[in-house]
Amino acid sequence: SSSSPPPSSSSSPPSASHFIGRKEDIVKTGRVTKLVNGCRDVLVLYHQGQLHAMDMRCYHSGGALQYGDIEEFNGRACIVCPWHKYKITLAEGEGLYQAVDDPTARPLRTHWRSKGVKQRIHKVTEVNGDVYVTLNNSSEAIESDVYQTEKYRAVLLPA
Ligand code: FES
């Protein structure tokens with residue numbers, strides 16, 4: 001019933017994908033968290049017609065991204081971590097920061113730059129209104145991996 005095309009046009013969920021919930025419910029709340037495959041806490045977000053999935057805890061210090069606001073920086077939609085306001089792009093998991101090119105210039109001019117991919121992004125598939133996540137199992141280490149352990153899972157995160 002949405003005007004935007006679903007992320008995938010397949011008629012059955014991809015193998016190795018995990019059911020997250022009904023799209024209409026995720027659209028209503030804008031976000032949902034789920035322990036996927038018993039091993040990974042994932043945050044699924046709905047923003048401007050698109051579904052995104054990423055590791056739930058912020059790469060910086062394990063912050064509770066599910067309580068973050070979504071804002072645009074440099075034309076890129078980001079989740080802003082409520083703990084220390086780090087900005088993470090929804091689509092790529094890139095950490096954005098404001099760089100100062102010339103510290104002697106007045107007024108100071110800043111530009112948005114990327115630190116590269118810091119937050120692990122997972123694949124979202126929608127099939128007949130059901131939303132699935134396929135974990136991104138790339139062996140390359142991503143900083144947010146550090147907070148996907150039993151130790152952090154046992155901690156109830158404040159907003
Ligand atoms: Fe520090 Fe997210 S934990 S900005």
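The values are calculated or read from the model by the stated rules, or taken from the named source; none is laboratory data. The structure presented is a predicted model; accordingly, all values stated were derived computationally and were not measured. Note that we place each Cβ from the backbone using ideal geometry, even for glycine, and neighbour counts take in every protein chain shown. In case anyone asks, the SASA skips ligands and DNA or RNA and just uses the protein heavy atoms, side chains included. Shrake-Rupley method; radii C 1.70, N 1.55, O 1.52, S 1.80 Å.
Output needed: Cys residues of the chain lacking any neighbouring Cys C-beta below 4.7 Å, sorted by number.
By the Cβ distance rule, which asks for a partner under 4.7 Å, the isolated cysteines are Cys39, Cys78.
How much mean residue ellipticity at 222 nm does the chain get from its helices, if each DSSP H run of length 4 or more adds -39500 (n - 2.57) and you divide by all residues, to the nearest 500 deg cm²/dmol?
Calculated at 222 nm, the ellipticity per residue is -1500 deg cm²/dmol.
At 0.36 nm per residue, and after removing the present C-alpha to C-alpha distance, how many nm does the segment from Ala99 to Ala16 gain when stretched out fully?
Going from the current span to full extension adds 25.9 nm.
What are the ³J(HN,Hα) couplings of the range 135-150, residue after residue, when phi is run through the Karplus curve with 6.51, -1.76, 1.60 and θ = phi - 60°? Round to Hz, x for glycine and proline.
5, 7, 9, 4, 6, 5, 5, 10, 4, 5, 4, 4, 9, 9, 10, 4
Given points 7 Å out from each Cα along the Cα-Cβ axis, report the Leu108 to Val27 separation in nanometres with one decimal.
4.3 nm
Between the range 19-55 and the range 120-145, how far is it from one alpha carbon centroid to the other, in angstrom?
The range 19-55 and the range 120-145 have Cα centres spaced 10 Å from each other.
How large is ³J(HN,Hα) for each residue in the range 35-49, as worked out from phi by the Karplus curve 6.51 cos²θ - 1.76 cosθ + 1.60 (θ = phi - 60°), to whole Hz, x for Gly and Pro?
7, 9, 6, x, 9, 9, 7, 10, 9, 10, 10, 10, 9, 6, x
Once neighbouring chains are kept in place and the probe is 1.4 Å, which whole percent of the accessible area of the range 17-146 is contributed by carbon and sulfur?
For the range 17-146, the apolar C and S fraction of the accessible surface comes to 47 percent.
If you plug each phi of the range 124-133 into the Karplus form 6.51 cos²θ - 1.76 cosθ + 1.60 with θ = phi - 60°, what whole-Hz ³J(HN,Hα) values come out, in order, with x for Gly and Pro?
Rounded to whole hertz, the list is 10, 10, 10, 10, 6, x, 9, 10, 10, 10.
How many Å² of accessible area per residue for the range 17-146, probe 1.4 Å? Write out the running numbers ahead of the final one.
Working: 6430 Å² over 130 residues.
Result: 49 Å² per residue.
With an 8 Å cut-off on Cα pairs and a minimum separation of 6 or more residues, tell me the relative contact order of the chain in percent.
Taking the mean separation of contacting Cα pairs over the length of the chain, I get 26 percent.
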